[in-house]
Structure formats: C-alpha cells, structure tokens
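Here the structure comes first, spelled out in structure tokens, and everything after it is commentary.
The values are calculated or read from the model by the stated rules, or taken from the named source; none is laboratory data. Every value quoted in this text rests on a predicted model; they were computed, and no experiment measured them. Note that each Cβ is placed from the backbone with ideal geometry, even for glycine, and that neighbours are counted across all protein chains shown. Areas reflect the complete protein model, heavy atoms only, side chains present, ligands, DNA and RNA absent. Shrake-Rupley method; radii C 1.70, N 1.55, O 1.52, S 1.80 Å.
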Amino acid sequence: MRGAFVCVQPVSRLLGSPRAAQVARGLFPMNEHDTPFAELPVEEQLFRMRHSAAHVLAEAVLEMFPEAKYAIGPPVDNGFYYDFDLPRPLNPDDLVALEARMRVSVERNLPIRGEQIPKAQAREVFKDQPYKLELIEGITDDTVGYFRHGEFQDLCRGGHTETTGQLGAFALDRVAGAYWRGDEKNAMLQRVYGLLFPTAEALDAYRVTREEAEKRDHRRLGRELDLFHLDPISPGSPFFHPKGTVLYNELTEYMRSLYTEYGYSEVITPQVFSAELFKTSGHYQNFKDDMYMLEIDEQEFGLKPMNCPGHCALFRSGHYSYRDLPLRFAEFTRLHRNERSGVLHGMTRVRSFSQDDSHIYCTPDQVEHEIRSVFAMAKRIYEELGLGLPVIRLATRPEKYAGEIPDWDVAEQQLGDSVRSVGYEYTLAPGEGAFYGPKVEFHFRDAIGRSWQLGTLQIDVAMPTRFGLQYTGADGEDHTPHMLHRAILGSLERFIGVYVEHTAGHFPLWLAPVQAVVVPIADRHVEYAQQVRSMLREKGLRVEVDDSNERMGAKIRRAQLQRVPYMLVVGDREQEAEAAAVRDGTGADLGAIPVFQIIDRMVDERDSRAIYAGAPHEQA
RNA sequence: GCCGCUGUAGCUCAGUGGCAGAGCAGCUGUUUCGUAAACAGCAGGUCGUGGGUUCAAGUCCCACCGGCGGCUCCA
C-alpha cells in the first residue's frame, strides 16, 4: 500500500537496526500517531525525532532561501541530514542562524500531520520543486505521502513525532556536498548534517566520545608514536618509520607463519606488466584510469594494481595436475593504484600498499573446503588480534560483469551458505561485487565509527577462463580450475590504520615496536641498565635504555605516552638484586622482579601473542 | 573527480593591510633525582607554491599543490 519510499536512507546507515527491517518490509502505518509518541519504543522515538528534525531543518532553510530546492532528508545514526540546492554555499554562520530558526519552530510546538494524497495533487503542491517532482514520478502507487507542519510541507513516507516540540537535543553539525540520488552524474547538492539525541546530556556525551575518538585517530597517533607519515612529495604513499616498519614486518611474519600451517606457498611476481596482461584479466577495461601506466619502448606497461593477473600468469606457466591442487599462491609485494585525489585518507585509503593477498586454484569439489578454510583462518586471525567480530557483507553481481550468470548464481549461493555455516550473519550488498565474481567483505570500524573493509573472500567466475588456465584431471582430460581471491588483513596499510585506532596504540607485546624501556634512576645506573637491555635483547626483545638527562618521572611519562608495554626501573636496590622494578603499560607497579623472570614473562607473552588486556591509562 | 573548509616553527595554535609570536618538542648547560612533565639559556620561518591588487600582503583577489569533512569510487 505504501509506495512512497521517499526519505530514503543509505543502506549502510541502517544495517542491523530493527528499524531497517521495518523499513524494508514497508510496515509503516499512515495513521502513525495512533500510538502516543511517549509510548513508542525508545528507538522508534529517536528515529522519529531525527526524521522530524530534518523537516524542521528544511523549513528553516526554505525560510532563509525561499528559492531553495529541497531534495531528501532522512535520519542517520547520530542525527539527520537534508539535501538542498541553494543559490550560494552555506557557511558556519548560516548554520547558527538556521539552528536558531529551527528552535523557533520547536518553541511553537506545531502539530506534524501526514496523509496520502493523489499524485496529481502532489505535482501541483510541489510544482516548483524539481527534486520532489522527480521523486513523485518514481513512485508506482497512485498516491504519495504528504506531511506538513505550520507552513512547511514535504513529500514523505512518514515516521514522525506528533509535534515539532518533541525533537530532543540537536545541533547542526556541518555542511558537505552530496550528489542528487548518490549519482556523480547528477547535480551536487549541499547536505546539512545535524546531531540529535534524546537529551542534552546524551548529545554532550556523544560530542565527548567524538573528541576522545579524535585522540585515537591513526594519523595523529602515527605521528605521535613515530610509526609513519604521509608527505606531499608522494600523496597517498606512506613512509613507514622504523617503528612502523616493525609493525608491518611483524604482521607479515605472523601471516607467513600461518601460511606454513594452512598450506600456502609464497611467491613474488613482477611490479610492472605489459598492458596485455591486464587486458586479458579485464582490469585494463575496468580500471585503466586508476592505474599507473608507463610507455616503454613504444609499448604500454602498467604498475600492478593487484596480484591476481600475475598469479594467473604464474599458474599458466606451470603444468599442473589435479594432484597439485589446491594451489595457494600468497604474495606481499607492493601494489599501486592511482586513486582519485578525493578518496585518499590517511593509511586507510592509499595509492601504494601491500596486501596479505592470495589466490587459490582448486578443483570444483575442493571449493567448499577452501572457502571454509579461509573463514576459519580469518576468524582465528581477527580473534588473535583482539579485533572481535567483523561486520560481513555479501556483494553480488554488478552491472558490468565478466563470466556467465549461472556461474555467478552458484558462486553467490556458495558464499552465502558458507558464511552461515560458520555461524556468521551477513547483509546483502546487491550489485557491489567485483567484476569477475561475488565477494564476501569483512568490515571493521575506525575510531569515529567509519566502516572499512579489511578482509575479503571472492569466487572468481571469469579469470581462469579468460587466461585459459588448465589442469589435468584424474580422467586425463584438461579442466579449468576454480579460483578464489582472499585477503584477511587486507592492505597492511589500512589494517595498521584501523588497528592503531582500535587499540589506541596499545599493541600486544609481539607487535609493540619498543617492548620495554629501561629507566635508570641516576647516571650511575646507566651501565647496569645497559646490561639489562643486553640480556633482554639476547632473547630477541626490543628494548631501549632511556639515558636522557631527565628525572625518572619524565622518563616514565614519556614511555607511557609512547605506549611502551613495560618500564624497567633500575636503581641501587635493583642493581644489587639483579632485578628491575617493573611497571606495565596500564601504569600498574608490579614491584621488583629478577631480570631472568622478567625475560621469561615477556617471552611467554610475546610468543603466545597475548592481546593487551589492560584498560588504557590515559592522561590529557 | 565533485562540494565545502583549510594551509604560519617538528607539533598545537595566536597574529583581521603597517617590525613574524607563544607553549610543547629540539639543542646546550646546571641538576643525579624512586614511578606521568626539574631549572636556565640557545636555536628554530621564502607564513604551501606561483601570480595579482596596494605606498605596504601572513592578512585581500586568482590559479595550482597538499590536507580535512562529506559525496562518488574502491580490482
């Protein structure tokens, strides 16, 4: 009955919420004020407050700019937004004025009323509003939802408070650009974002949380912890400092150790390939503009933007039988993509990166087992790194695809079944698959809640055929192998970025760039401190001595701020007892411990890859 | 790539057309200290880059480059 799905929400913002299910099922009664607002579930109340606030914002904007064209304005997970086509850009002062105008509407406590009206009537009401007219034409029903309060009227499917006085605590946050209907071929509108929470306290709490999250921003911590930096001399290409390189190498070694266990074979393929390779794979046709292309001896070459074509070329160079399969090629070499300037973001979206990448070639009846093995490996790795559960998406066949539809259908089914079989849930991302096959995506959030894809598992329904890959089956005939793509950390760069924010820089001991700092109390203890350092270094522990001309308190503070897991304080008493006074990264004083026991403890903690357990002990 | 904002010392920032500043970090010296910041001094700048307006530009205008927040994209 309700076709007027006008206040469209981006799917990503709705994932998992009960409201999402309601919206999907179209369960909105038009007579939505049957149940008193105060008796609605809290989540429904908040949704309605945010939705109504969007209307009140649009009312204020139309008052400030009578010629404004308004588009859509849904609630989102921290408030609401509304998109406008305006005669000039909005500035921060405008937001102040708009917010004040919104509060007038709240003060007036106007009733918000909705009804279904015939399309013809709606066309008349919104005759000067091209975006609304376009929306009306997209609605298949004979009637559309129409809401109003005071002088303001909007095309809307509903979900509102009873009056404008029920909005809770809100504040206009920022203005940003957004394409009409999310299509970059369309006009760029101005999107005004607002924050909205049930109470002023909740709004303040949200702001405090956001400020705290900024302290964990990997771009900030990367500098403060001396891990990496980005330089305009090569935009989007990180410089890994010595400490960041330790992280990078430890993560790589961790994956290598698992490769031995899970039967992967590491390979190294070229950085530069003839364009012919990418034409065969299909990447040239799909991504040429985002590749670094070179002309050498009048021939076209390109820096590899991914490893799959190279691995297919490697497979093709060999003569494999079914007895050799599954063949799991793994590679860590660097990849380059000329990403559009606007998408670069710290370490999480870069132009130069490395993946824990692998391509698995197998027989048809091995596919299921290989998929499960990848899931098991991913689950284990995320657990061992203390990341918790990923949000999983299943991305299906896009408009531009290679291969045959029946193969796509089978592959999508296989991936979906396998996610469920390991007890994970997923959300569907229709049309978001790779051009060569459907993909499962493993997403994790950064400090301010942005979701990033780390791992992925993809079934390739195109490349083995395009490359003419063959193996000899038990029947003596040639067969085309099945092919999986997978990465678990994803790009090392993005992983490190997200992981820095997840841990706030408190890495597990095995990843900590400096695992202990020895703090001599006075100059006369420096020599002993160096002995302690030597003893730990003999066991491969990364240890420094802070022999700077500072008081002990300052050295402790510096080590704490650098997130060093252990501080080993040595003075007369410790030197006498061949011990050190141990303080851990949480700030806890573990007392004097003999050096050999400290070594045992640290080696155990390192080799077991224990995750950092302590609550971060932060100071401003 | 698009919309908006932004760029002053290593970092955080002040400087609203008239002599480029502060704190922290750094360096030097003094201090030799018991669990989150000792004290003093010194040094540090083509105000992102290039044009323009002006007697005079860090400040106003234009372009480009980088960054930030979104949008789009993400093999």
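Please give the per residue accessible area of region A:516-607, computed with a probe of 1.4 Å over protein heavy atoms only, in Å².
Numbers: 4900 Å² over 92 residues.
Value for region A:516-607: 53 Å² per residue.
Within the same chain, lysines fewer than 8 places from A:Lys69 are excluded, and of the rest, those with a Cα less than 23 Å from its Cα are A:Lys119, A:Lys127, A:Lys132, A:Lys185. Relative to the longest principal axis of the Cα atoms of chain A, the long axis of helix A:200-215 lies at roughly 40 degrees.
Packing-wise, with mean Cβ within 10 Å as the measure, how do A:546-553, A:450-457 rank, highest first? Don't skip to the end; give the middle numbers.
On the way: A:546-553: 12.4, A:450-457: 20.6.
The most tightly packed comes first, giving A:450-457, A:546-553.
Expressed in nm to one decimal, what extension gain is obtained for the pair A:Glu404 and A:Met64 from 0.36 nm per residue of sequence separation less their Cα-Cα distance? Each step should come with its number before you reach the end.
Details: separation 340, 0.36 × 340 = 122.40 nm, distance 5.41 nm.
My answer for the length gained is 117.0 nm.
When peptides A:190-197, A:404-411 are sorted by average Cβ neighbour count within 10 Å, with the highest value leading, the order is A:190-197, A:404-411. Magnitude of the charge dipole for region A:11-212, about its Cα centre and with charges confined to Cβ atoms of Lys, Arg (+1) and Asp, Glu (-1), is about 280 debye. Residues within the reach of a label modelled at A:Ser421 (point 7 angstrom out along Cα to beta-carbon, backbone nitrogen below 13 Å), restricted to region A:359-398, are A:365-376. Amide H contacts of A:Thr163: A:Ile112, each under 5 Å away and 5 or more positions distant or on a separate chain (H built 1.01 Å from N in the peptide plane; Pro and chain starts excluded). For A:Glu550 and A:Ile233, the difference between the fully extended length at 0.36 nm per residue and the C-alpha to C-alpha distance is 110.5 nm.
Each of A:Ala178, A:Leu95, A:Gln153 was scored by the projection of its Cα onto the charge dipole of region A:11-212, and the greatest displacement toward the positive side belongs to A:Ala178; charges sit on the C-beta of Lys, Arg, Asp and Glu. Dipole magnitude for chain A: about 600 debye, using +1 per Lys or Arg Cβ and -1 per Asp or Glu Cβ, origin at the Cα centre. Among A:177-183, A:298-304, A:164-170, the peptide with the highest mean count of other Cβ atoms within 10 Å heads the list, and the full ranking is A:164-170, A:298-304, A:177-183.
Taking 7 Å steps out from each Cα toward its Cβ at A:Arg537 and A:Glu201 produces label points 5.5 nm apart. The magnitude of the dipole of region A:392-517, with charges of +1 and -1 set on the Cβ of Lys/Arg and Asp/Glu and taken from the Cα centre, is near 580 debye. The A:His369 and A:Glu211 beta-carbon pair, evaluated with R₀ = 41 Å, returns a calculated FRET efficiency of approximately 0.30.
For chain A, the longest principal axis of the C-alpha atoms and the axis of helix A:367-384 are separated by about 80°. A Förster distance of 45 Å, applied to the separation of the beta-carbon atoms of A:Arg558 and A:Lys288, puts the FRET efficiency at 0.35.
With a simple spin-label model that places each label point 7 Å from the Cα along the Cα-to-Cβ direction, the separation between A:Phe37 and A:His319 comes to 7.9 nm. When the charge dipole of chain A is built from unit charges on Cβ atoms (+1 for Lys and Arg, -1 for Asp and Glu) and taken about the Cα centre, the candidate among A:Val461, A:Ala592, A:Trp510 whose Cα reaches farthest toward its positive end is A:Ala592. For chain A, with all protein chains in place and a probe radius of 1.4 Å, 50% of the accessible heavy-atom surface sits on carbon or sulfur.
Annotation: lysines with alpha-carbon distance below 30 angstrom to A:Lys379 (same-chain offsets under eight excluded): A:Lys215, A:Lys243, A:Lys304, A:Lys439.
How large is the accessible surface per residue of region A:160-283, computed with a 1.4 Å probe and reported in Å² as a whole number?
Working: 6140 Å² over 124 residues.
Each residue of region A:160-283 exposes 50 Å² on average to a 1.4 Å probe.
If you take the beta carbon distance between A:Glu300 and A:Leu344 as r and set R0 to 25 Å, what does 1/(1 + (r/R0)^6) give as a FRET efficiency, to the nearest 0.05? Result of the calculation: an efficiency of 0.45. Label zone (A:Thr252, point 7 Å along Cα-to-C-beta; backbone nitrogen cut-off 17 Å) within region A:485-510: A:488-497.
For region A:181-200, backbone nitrogen atoms closer than 17 Å to the point 7 Å from A:Leu133 Cα along Cα-to-C-beta are found at A:187. Computed with a 1.4 Å probe over protein heavy atoms only, the accessible area of A:His345 comes to about 30 Å². Remark: the A:Gln413-A:Asn109 segment gains 104.3 nm on full extension, using 0.36 nm per residue and subtracting the alpha carbon distance.
As a test of the formula, what do you get for chain A when each DSSP H run with n ≥ 4 contributes -39,500 (n - 2.57) and the sum is divided by the residue count, at 222 nm and rounded to the nearest 500 deg cm²/dmol? Intermediate results must be reported in sequence, preceding the final value.
Values: 20 runs with 226 residues, N = 620.
Helices in chain A give a 222 nm mean residue ellipticity of -11000 deg cm²/dmol.
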